[in-house]
Number of protein chains: 2
Amino acid sequence: MPSGRRPTIQDVANHAGVSMATVSNVVNGHAHVRDGTKKRVLEAIDALGYQASRAARSLPAGRTFLLGYCLPDDTSPNAALDVFLHHVVSTAARADLEVLLFTQKDLDKVQPYAEILQRGGADGFVLSGIDYNDTRVDFLEQRGIPFACFGRVADESVISVDVDGAAGIQAAVSHLHSLGHERIAFVGWPEGSATGDDRFDGFSTLAIALGLDPQRVVRTLNDFDLARKLVPALLSDHRPSAVVCVSDTVALGVLAGLRDEGLTPGGQIAVTGFDDVPAASLCAPSLTSLRQPMDRVGALLVERLVARLTGEDAPGSELVEPDLIVRESTIGASEAALADESPPTQEGIL
Amino acid sequence: MPSGRRPTIQDVANHAGVSMATVSNVVNGHAHVRDGTKKRVLEAIDALGYQASRAARSLPAGRTFLLGYCLPDDTSPNAALDVFLHHVVSTAARADLEVLLFTQKDLDKVQPYAEILQRGGADGFVLSGIDYNDTRVDFLEQRGIPFACFGRVADESVISVDVDGAAGIQAAVSHLHSLGHERIAFVGWPEGSATGDDRFDGFSTLAIALGLDPQRVVRTLNDFDLARKLVPALLSDHRPSAVVCVSDTVALGVLAGLRDEGLTPGGQIAVTGFDDVPAASLCAPSLTSLRQPMDRVGALLVERLVARLTGEDAPGSELVEPDLIVRESTIGASEAALADESPPTQEGIL
DNA sequence: ACGGTTTATTGAAGCGTTTCAAGAAACGTT
DNA sequence: AACGTTTCTTGAAACGCTTCAATAAACCGT
């Protein structure tokens, strides 16, 4: 019977001829409700277009039906933030949870989480950009707040999903090795980042196993221009036939640097990246890279977090394998074009 | 006096020796509170680390302190989603609002908004990806829900902020014209998208004004490969000396296509894009493009939305100008390098 | 048909705020 | 010092839901 106002549980109860408590039981499935009663209640809900108010549910229930996610400040690994968020949000929705977005104001990584908890703002958190000894992990763990990390955490009981960077790099190295490359160099980041070290380990381990020279390593920041300028030094000694890079940004820089040196990447020298940023397919030669399955990571994190919120004990850490996307930078433009049988002209014009 | 539980307004009231109502008044600045009283209350709040529970505030206040944002489904204009969201969230935070993220489940664009409203889930919405006759706009307007649009809306009273695509393209054309280019072609999208039509209008208008040939237009989907394959046709007739593209994706395709034809983009033929996606600076030659000021757009949208929520009447629509970022694709690698005075070797290695 | 059990349903007490009418203080005036 | 004003402060009623003890209804065996 609501006029302009949203229908309340009381309206539904009246409409169905039952008490508020029964409606609540139907909605939340808490107690046994007889089939006939349940049917009438559901019809009333349908007729009135009822949805429980989140605020009103939260108060007595002591939970917010909200998952918090802090937007990372640095734009580095955000390549697929949209895909990640999309899956976080839609997986959460399946468990009747919504996602609360927030940011950090200053350098204190923990402060925004503390603030949200103080105001009873979320039931749990999804963290990304985890590095060694992340302060947020300790903070949340101490307070017993449920959370799930995109990234590696030492404590096995913490929910964490990470992309297997080592395996990814090894897939790239194997790919190159099977193509006949024996002199494979690695361009990495400075030691000290969880992601960078992991990827380097992958190279190092497989290089030794395959009998390659594991010392052929150069390190640089994750910067296009720095990587570009490093190429002469990379080629100076005993020229590699392939370069495996820790990231697409670095790989794209190397690609540019090789061209500066008059070499044809893909043809004369192979290059691989990591992350499969959009630019990897938007350049020529297109870049062979490793796609992080952000969809799976996002969904997995939330599934496990939901399980833990529900009281089930969810498994802790898990690694997901990135997919090797082979493009022109390792197989050459000619071979890449084989898949592509279209006439050369008047194409693409509408 | 709370042991493990979060302090409530009652705890603060006790601690300060006042009533709950007074604490509420201090927190919300609703009534006049004497300075001495206010001071004691603030001290108590500080001592206890009190923050009002969002759920509990919402219930009697009838608002949620939440702004809703629906993640766009298509990944096309999401280039700077992270920057946009960052500013939306932090601007909202300044007004004591948080951001609720959601997605659409099916093709119905309106449904998720309806659902959130039914459950009293948000006080207002930020919309992006607005196109002609967006159903969401009508829906929200009819219900009197406050919202702000990233994109153009016919109704002037609706809050909308958009990037001036026409002005952006004109900046690119002017740039090229001042460089001496007289034969400038435009590669656009098919007619019918608000963004694409706007950008094309910019070209068309200025081309006429400058006495260029405004007919030198080719249209294609926003796809790298299609754009790449369209280059031979683009060059066939009366070869242009510069190509203005409706987007970076198209421009990068054109760049690749030109190289396929044995031409040197930047040197022999200039190219511009639009959006300044990361790839624009991660390729060689780097791409001259137009950066959309997503920071300003996000902040402006939320500022105005907040004003409207507060009862002030905020101005409706506004256009912000994109920034022309000049790179090698229009001025050539040599000139671009002038800014860059570093020795060519051993650079970038750590 | 009747007590004993199990299963459904409900009344009412919160949950932590806001809000507003009403009461208490302070402040000017005379 | 008493009175009318104005300025502060407060009690208590919502807000819409969950929950749980308590009641009612159905069921079962005899």
Checklist outcome for this item: Taking a crude spin-label model, label points 7 Å out from Cα along the C-beta direction, the B:D138 to B:H30 distance in nm is 3.9
Item to check | Debye-sum result for the range B:6-135 in log10 I(q)/I(0), which assumes one identical scatterer on each alpha carbon, at q = 0.22 Å⁻¹ | outcome: -1.27
Next on the checklist: Based on alpha-carbon centroids, what's the gap between the range B:123-154 and the range B:252-322 in Å, whole number please?
Outcome noted: 22
Next on the checklist: Give me the one-decimal nm value for the distance between modelled label points at B:T310 and A:A47, 7 Å along each residue's Cα-to-Cβ direction.
Outcome noted: 4.5
Item to check | Convex hull of Cα atoms in chain A, direction-averaged projection (nm²) | outcome: 25.0
Checklist outcome for this item: Expressed in angstrom, Rg and Dmax over the Cα atoms of the protein assembly as shown are 28.4, 86
Next on the checklist: Net charge within 15 Å of A:V33 by Cβ-Cβ distance, Lys/Arg positive one each and Asp/Glu negative one each, not counting A:V33 itself?
Outcome noted: +2
Item to check | Ranked by how many other beta carbons lie within 10 Å on average, peptides B:89-99, A:250-260, A:44-54 from highest | outcome: A:250-260, B:89-99, A:44-54
Checklist outcome for this item: Taking a label point 7 Å from the Cα of A:Q215 along Cα-to-Cβ, the residues of the range A:174-195 whose backbone nitrogen sits under 15 Å from it are A:184-186
Item to check | Residues in the range B:45-67 occluded by at least 50 Å² - accessible area, probe radius 1.4 Å, against chain by itself | outcome: B:Q51, B:R54, B:A55, B:L59
Checklist entry - Label-to-label distances across copies for A:I145, with labels 7 Å out along Cα→Cβ, in nm, shortest first? => result 2.8
Checklist entry - How far is A:L42 from the same spot in each other copy, in nm, shortest first, if each label point sits 7 Å from Cα toward Cβ? => result 5.6
Checklist entry - For chains A and B related by rotation, which residue of A has the Cβ nearest the axis, and what is the rounded distance in Å? => result A:A279, 2
Checklist outcome for this item: Per the 1/(1 + (r/R0)^6) rule, R0 = 25 Å and r from the Cβ atoms of B:E182 and B:V326, FRET efficiency to 0.05 is 0.85
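Would you mind calculating the relative contact order of chain B from Cα pairs under 8 angstrom and at least 6 residues apart, reporting the percent as a whole number?
On the way: 595 pairs, mean separation 55.0, N = 350.
Once normalised by length, the contact order is 16 percent.
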Next on the checklist: For B:R239, place a label point 7 Å from Cα along the Cα-to-Cβ direction in every copy; what are the distances to the other copies, in nm, shortest first?
Outcome noted: 3.1
Checklist outcome for this item: GNM on chain A, Cα springs under 10 Å; top mean-square fluctuation among A:R34, A:R327, A:R119 goes to A:R34
Item to check | Set of aspartates and glutamates with alpha-carbon distance to A:K109 below 16 Å, sequence-local pairs under 8 removed | outcome: A:D73, A:D74, A:D131, A:D134, A:D138, A:E141
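Counting only protein heavy atoms, what percent of the accessible surface of the protein assembly as shown is carbon or sulfur at a 1.4 Å probe? Each step should come with its number before you reach the end.
Numbers: 15480 of 30510 Å².
Looking at the protein assembly as shown in its full context, I get 51 percent from C and S.
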Checklist entry - Counting only heavy atoms of protein chains, what accessible area per residue, in Å², does the protein assembly as shown have with a probe of 1.4 Å? => result 44
Checklist entry - What aspartates and glutamates could a cross-link reach from B:K38, if we take a straight Cα to Cα line under 15 Å and drop same-chain neighbours fewer than 8 places away? => result B:D46
Checklist outcome for this item: Ignoring ligands and nucleic acids, chains B and A bury, in total, an accessible area (1.4 Å probe) to the nearest 100 Å² of about 5500
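What does the charge count near B:D46 come to, summing +1 for each Lys or Arg and -1 for each Asp or Glu among other residues with Cβ under 11 Å from its Cβ? Before the final figure, lay out each step's value.
Values: positive: B:K39, B:R40; negative: B:E43.
That sum, taken over residues with Cβ under 11 Å, equals +1.
Work out the mean other chain Cβ neighbour count within 10 Å for the residues of A:246-253 and drop it here as an integer. Kindly include the intermediate steps, with their values, before the conclusion.
Values: counts 0, 0, 3, 3, 1, 1, 6, 3.
What the average comes to for A:246-253 is 2.
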Checklist entry - Percent relative contact order of the range A:165-248, based on C-alpha pairs within less than 8 angstrom and at least six residues apart? => result 44
Checklist entry - Taking a point 7 angstrom from the Cα of A:A154 along the C-beta vector, which residues in the range A:312-334 have backbone N less than 20 Å away? => result A:316-319
Next on the checklist: For q values of 0.17 Å⁻¹, compute log₁₀ I(q)/I(0) with the Debye formula on a Cα-only model of the range B:9-52, without solvent.
Outcome noted: -0.34
Item to check | In the range A:128-196, the GluC sites (Glu not before Pro) that fall in loop regions by DSSP, at most 11 other Cβ within 10 Å | outcome: A:E156, A:E191
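Which whole-number percentage describes the relative contact order of the range B:9-52, with Cα contacts under 8 Å and a sequence gap of 6 or more? Walk me through the intermediate numbers first.
Details: 36 pairs, mean separation 19.0, N = 44.
Once normalised by length, the contact order is 43 percent.
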Item to check | Virtual spin-label span in nm between A:I208 and A:L319, 7 Å along Cα→Cβ | outcome: 1.5
Next on the checklist: If every alpha-carbon in the range A:247-297 counts as one equal scatterer, what log10 I(q)/I(0) does Debye give at q = 0.28 1/Å?
Outcome noted: -1.05
Item to check | Under 17 Å from the Cα of A:K105 - lysines, other chains or at least 8 residues apart | outcome: none
Next on the checklist: Within 15 Å, Cβ to Cβ, of A:S241, how many net charges do the neighbouring residues add up to if Lys/Arg are +1 and Asp/Glu are -1?
Outcome noted: -1
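The values are calculated or read from the model by the stated rules, or taken from the named source; none is laboratory data. What you are looking at is a predicted structure, and each value in this text was computed from that prediction instead of being measured. A quick note on method: Cβ atoms are made from the backbone with ideal geometry, for glycine too, and the neighbour counts reach across all protein chains shown. Accessible surface areas use protein heavy atoms only, side chains included; no ligands, DNA or RNA. Shrake-Rupley method; radii C 1.70, N 1.55, O 1.52, S 1.80 Å.
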